[in-house]
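Here, each number is a calculation from the coordinates, and none is a lab measurement. Source: prediction; values computed, not measured. Here the Cβ is made from the backbone with ideal geometry for all residues, glycine too, and neighbour counts use every protein chain on show.
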Amino acid sequence: MRKRLAILVFLGMISGGMAAMKIELDLTRTNQCRVRRLSDGSYEITTTGNDPFVMSKKTSGRYDPDKDYILSFEYLCLKGLNFIQLFYGPPIRGGQSANGPAVPASEGWTTYSFNVRKHAEPGSWRGGYTRFRLDFGNTPGRVILIRNIQLREPTALELKMERDREREARAQAAFEKAMIRMIETTHRIAITNVEATSDKIRIELHSTEAPDNLFLCEVPFYQTPVGRSEFVWKSKLQLEPGDTMIELPRVRKEDGEFHDRVYSSWIVMRRTGSGFEPASHQRFVTRLPVQWKLTRDRPRNKKGTVGMIGGNAFQYQDYVALDIANCTKNVVLTSLIGDKPGRGSKPYEFNGRRYYVRMGAVEQLDKAMLEMARLKIVVSAIILIGKNHKMTHPDCVPQGIWAMPNMAEREGWNLYAAGLDFLARRYLRPDRKYGRITHWIMHNEVDAGWVWTNCGEKPMHTYFDNYYRSMRTMQVTARRYGVAGSILISLTHHWTRPHNHLCYRPKAMVELLRRRTAIEGDFDWGIAYHPYPEDLRNPRTWEDRSATFDFNTPLITPRNLEVLDAYLRQPSMLYNGKVRTLVLSEQGLNSPDHSVNSYRDQAAGLAYTWRKVESLDSIESFVHHQWMDSRREGGLCLGLRRRPETSNAAAREATATVCAELAQCGISCTPDETKKPAWEIYRVLDSPQEQKAYCFARTVIPSEFLDDIPYKGQIKQ
């Protein structure tokens with residue numbers, strides 16, 4: 001990751017219950033920007049020059065400059081800002097300001113804050129200021145949504161991080177270095193296979209030498225071998241050159257409970273004067289007995305959208321009309337299971353421990369799953385972890401929308417694994433009593449994990465190790481019941497360019513996943529990719545400039561989907577000689593303002609994207625996000641339908657105009673209160689009328705873009 005500035009920056013650690021002075025913006029006093037107040041109270045600011053700023057109204061509250069020195073706000077900004085500058089007065093003048101760091105790009109609401117006192121010009125920060133000015137970088141064309149602007153006290157977490165920052169940075173750098181060394185070192189000893197029977201773990205080793213001071217060590221999934229001096233189990237090894245097989249009981253007793261050792265990796269460690277160091281790569285169980293013989297569901301077509309709510313007859317009938325064959329379904333695991341009983345909960349046993357399943361939430365999930373099953377929809381579950389729960393990673397910080405599961409503590413991990421086990425047992429049943437989950441998408445957009453799967457600020461290998469062990473936990477859990485689908489890594493549309501300095505490069509994460517599974521035991525992982533257009537607000541994705549036709553493209557969008565297809569077809573990427581599962585699990589085309597041009601571009605962009613998807617056999621499904629516009633996506637209108645409250649006369653007239661253009665290509669529309677023209681396009685895709693959608697697309701998109709599908713040039717590696 002990029003070296004952090006040597007300044008105290010805290011993004012979004014908003015305090016709870018602390019006194020704060022609110023700052024309201026004055027929409028009449030702006031410079032080189034357009035500002036409007038949205039219905040939810042947030043501000044939308046569009047920069048138009050290189051000196052965009054907005055003045056505040058006169059503040060009515062008071063602040064203590066020695067206590068209330070954190071400026072914070074919530075924001076959504078697709079491209080980020082290169083800095084924030086806060087002026088204070090009156091008078092507003094040079095010499096009375098504090099310079100804050102860059103605002104990282106974010107596609108969801110997150111938070112930003114910085115220490116004004118520490119970054120203020122010398123001697124300028126004091127009490128009594130009643131007017132403020134916020135400068136939003138120096139780049140025109142940026143859009144930021146912002147709310148809850150305030151001056152407040154630092155939180156306890158912020159104070160602790162300031163005290164511990166240098167010590168933790170050194171420890172983290174040393175851990176990252178050791179993690180990389182463990183993966184990249186070539187050893188003379190190899191664990192070549194680990195498999196489980198109903199009651200045994202069999203470990204096969206190969207050595208080219210007979211060294212001393214070796215130990216076979218067990219590492220449960222809530223631990224890592226890096227830097228470890230104590231192990232839950234270890235045994236001295238006497239190896240001779242050649243092959244060795246060791247057999248151990250599958251279950252290890254643990255403090256009166258037990259641990260199923262399919263949830264452990266195995267590694268040979270060498271004792272040194274300072275502790276232990278790896279003498280082999282670690283190895284995970286790759287074969288284990290299954291409870292049920294299951295069939296793998298294959299979708300009848302690639303069309304998909306977000307999962308059903310359950311109990312919504314209108315949504316159900318709409319999915320019938322659209323012939324939806326694929327859905328993703330968010331499963332917030334922290335809302336389904338806990339370690340304490342509650343109203344309507346039922347006990348659930350796992351690894352000898354008792355947990356409690358919240359049946360009200362489960363039954364609502366059942367309802368949605370069964371509706372999708374009736375429509376023969378292939379479901380990919382997105383496993384999400386809330387914050388402030390025993391299942392939450394202990395390093396998760398408040399700015400994350402969702403958390404990494406607890407891969408650092410035995411009790412937290414066991415609760416997480418118990419939740420996964422409950423889901424697998426319930427939704428992999430051969431009788432499909434509650435429906436079927438085919439694919440398991442592990443968390444959300446982990447390359448942007450700072451926002452979407454948070455476990456604190458970590459270098460890539462350290463962060464990925466937590467995620468990798470979460471994937472392994474799901475893989476073992478599902479395989480104990482049967483083989484019915486894949487375990488998928490969730491990634492944004494970035495590829496070789498990280499979303500911001502707190503994020504990672506998706507290509508590097510996929511390469512690391514490939515390398516680690518190659519040396520530590522391969523399994524059927526795949527990719528859940530989110531190839532949104534370059535600018536999420538602009539549906540004219542055929543114009544994307546950062547989507548190039550080579551393996552080093554900054555982005556993968558609908559424009560260059562062929563790159564992802566070619567990348568996954570490399571021999572090194574195959575699983576058992578076949579292309580790994582590829583699900584396009586979240587992407588959509590925006591209709592920015594419900595105008596004729598907006599609806600026309602959205603409909604044409606959808607047809608263009610579908611033509612790309614249909615041309616590539618590696619893509620199993622295309623899940624359009626959303627079915628209906630959402631209020632919670634920062635002004636994006638990605639749905640095939642608009643919300644009823646936005647269905648005004650202008651929107652209906654724009655729909656009628658574009659539908660008349662669709663009719664010229666033979667697509668008959670059946671307008672209702674909320675349908676957009678894109679709904680009609682989606683309806684005819686994968687049907688005998690599909691060519692009519694491309695007929696319409698040609699009225700909007702230059703022919704050279706549509707004629708070059710699939711891309712006919714060479715994709716450079």
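Give me M404, M55 sorted ascending by neighbouring Cβ count inside 10 Å, so fewest comes first.
Final ranking by Cβ density, sparse to dense: M55, M404.
Say R0 is 45 Å: what FRET efficiency, to the nearest 0.05, do K67 and R497 get from their beta-carbon distance? If you can, show how the numbers build up before the last one.
Values: r = 40 Å, r/R0 = 0.89.
Rounded to the nearest 0.05, the efficiency is 0.65.
If you find the alpha carbon centre of the range 398-471 and of the range 554-610, how far apart are they in angstrom?
Cα centres, the range 398-471 to the range 554-610: 25 Å.
With label points built 7 Å along Cα→Cβ from the Cα atoms of S572 and D617, find their separation and express it in nm.
Going from the S572 label point to the D617 one covers 2.4 nm.
Work out, step by step, the length gained on full extension between D40 and R296: first 0.36 nm times the residue separation, then minus their alpha carbon distance; give nm to one decimal.
So the chain would gain 87.7 nm between D40 and R296.
Go through Y263, Y222, T208 and say which Cα lies farthest out towards the positive end of the charge dipole of the range 199-272; charges sit on Cβ, +1 for Lys and Arg, -1 for Asp and Glu.
Checked the options; the winner is Y222.
Report the charge-dipole magnitude of the chain in Debye, nearest 20, computed about the Cα centre from +1 at each Lys and Arg Cβ and -1 at each Asp and Glu Cβ.
For the chain, the charge dipole is close to 840 debye.
Among the DSSP beta bridges whose two residues both lie in the chain, what percent are antiparallel, rounded to the nearest 5?
If we restrict to bridges inside the chain, about 70 percent are antiparallel.
Towards the positive end of the charge dipole of the range 20-154, with charges on Cβ (+1 Lys, Arg; -1 Asp, Glu), say which of S124, I92, L76 has the farthest Cα.
Of the listed residues, the answer is I92.
Charges on Cβ only, +1 for Lys and Arg, -1 for Asp and Glu, centred on the Cα centroid of the range 265-359; of F314, L294, S274, which one is farthest towards the dipole's positive end?
Ranked along the dipole, the leading option is S274.
Give the order of D431, D421, D366 when sorted by the count of other beta carbons within 10 angstrom, beginning with the fewest.
D431, D366, D421
So which of K302/K578; K253/K458; K302/K692 end up more than 23 Å apart by C-alpha?
Checking Cα-Cα distances, K253/K458 exceed 23 Å.
Mind running the shape call on the range 185-284? Use the C-alpha gyration tensor, a ≥ b ≥ c as the square roots of the eigenvalues: rounded below 1.5 for a/c, prolate if a/b tops b/c, oblate otherwise.
oblate
State log₁₀ I(q)/I(0) for the range 20-154 at q = 0.09, 0.11, 0.16 Å⁻¹ as given by the Debye formula over alpha-carbon point scatterers of equal weight, solvent excluded.
Results for the range 20-154 at q = 0.09, 0.11, 0.16 Å⁻¹ read -0.23, -0.34, -0.76.
Counting other Cβ atoms within 10 Å, keep those with at most 14, restrict to DSSP loop, and tell me which GluC sites (Glu not before Pro) in the range 229-326 are left.
Sites meeting the loop and neighbour criteria: E230.
Mind checking the dipole of the range 617-664: about its Cα centre, +1 per Lys or Arg Cβ, -1 per Asp or Glu Cβ, Debye to the nearest 20?
Numbers: 6 positive and 7 negative charges, 65 e Å.
Taking the Cα centre of the range 617-664 as origin, the dipole is about 320 debye.
Could you give the size of the charge dipole of the range 185-284 about its Cα centre, using +1 on the Cβ of each K and R and -1 on the Cβ of each D and E, expressed in debye and rounded to the nearest 20? Kindly include the intermediate steps, with their values, before the conclusion.
Details: 13 positive and 15 negative charges, 26 e Å.
For this selection, approximately 120 debye.
Looking at the range 83-165, I'd like the Rg to Rh ratio, where Rg is from alpha-carbon atoms and Rh is Kirkwood's inverse mean 1/r.
A ratio of 0.97.
Equivalent ellipsoid semi-axes for the chain, as square roots of 5 times the alpha carbon gyration tensor eigenvalues: give them largest first, rounded to whole Å.
So the three semi-axes of the chain are 42, 36, 24 Å.
State, to one decimal in nm, how far the label point of K177 lies from the label point of D212, with both points 7 Å from Cα in the Cβ direction.
That separation, rounded to one decimal, is 2.9 nm.
Counting other beta carbons within 10 Å of each residue's own, what order do F258, F422, F314 fall into, fewest first?
F314, F258, F422
Please work out how much length the chain gains when fully extended from N597 to K346, using 0.36 nm per residue of separation minus the C-alpha to C-alpha distance, in nm with one decimal.
On the way: separation 251, 0.36 × 251 = 90.36 nm, distance 5.32 nm.
Full extension from N597 to K346 adds 85.0 nm.
Counting pairs of alpha carbon atoms under 8 Å apart in space and at least six apart in sequence, what relative contact order in percent does the chain give?
The normalised contact order for the chain reaches 10 percent.
Loop-only GluC sites (Glu not before Pro) in the range 353-413, please: DSSP not H, G, I, E or B, and at most 16 other Cβ atoms within 10 Å.
In loop regions of the range 353-413 (DSSP not H, G, I, E or B), the sparsely surrounded GluC sites (Glu not before Pro) are E409.
Output the relative contact order of the range 463-540, whole-number percent, from Cα pairs under 8 angstrom with separation of 6+ residues.
35
Calculate the all-directions average of the projected area of the range 335-454's alpha-carbon convex hull, and give it in nm².
Orientation-averaged projected area of the Cα hull: 7.9 nm².
Let me test this: with uniform point scatterers at the alpha carbons of the range 496-628, what is the Debye-based log₁₀ I(q)/I(0) at q = 0.12, 0.20 1/Å?
Calculated log10 I(q)/I(0) at the listed q: -0.50, -1.21.
Per DSSP H run of at least 4 residues, take -39500 (n - 2.57); add these up for the chain, divide by its residues and hand me the 222 nm value, nearest 500 deg cm²/dmol.
It lands at -8000 deg cm²/dmol.
In nm, to one decimal, how far is the modelled label at R287 from the one at L157, with both set 7 Å along Cα→Cβ?
4.5
Does anything in the range 320-345 have its amide N under 11 Å from the 7 Å Cα→Cβ label point of A361, and if so which residues?
Flagged as within label range: 331-339.
Below 8 Å, C-alpha to C-alpha, sequence gap of six or more: please give me the relative contact order for the range 20-154 in percent.
In percent, rounded to a whole number, it is 39.
Working only with C-alpha atoms, what are the Rg and Dmax values of the range 606-717, expressed in angstrom?
15.6, 51
The range 149-222: which GluC sites (Glu not before Pro) are DSSP loop and have at most 12 other beta-carbon atoms within 10 angstrom?
Working: sites: E158, E162, E166, E168, E176, E184, E195, E204, E209, E218; in loops: E209.
For GluC sites (Glu not before Pro) across the range 149-222 that sit outside H, G, I, E and B with at most 12 neighbouring Cβ atoms in 10 Å, the list reads E209.
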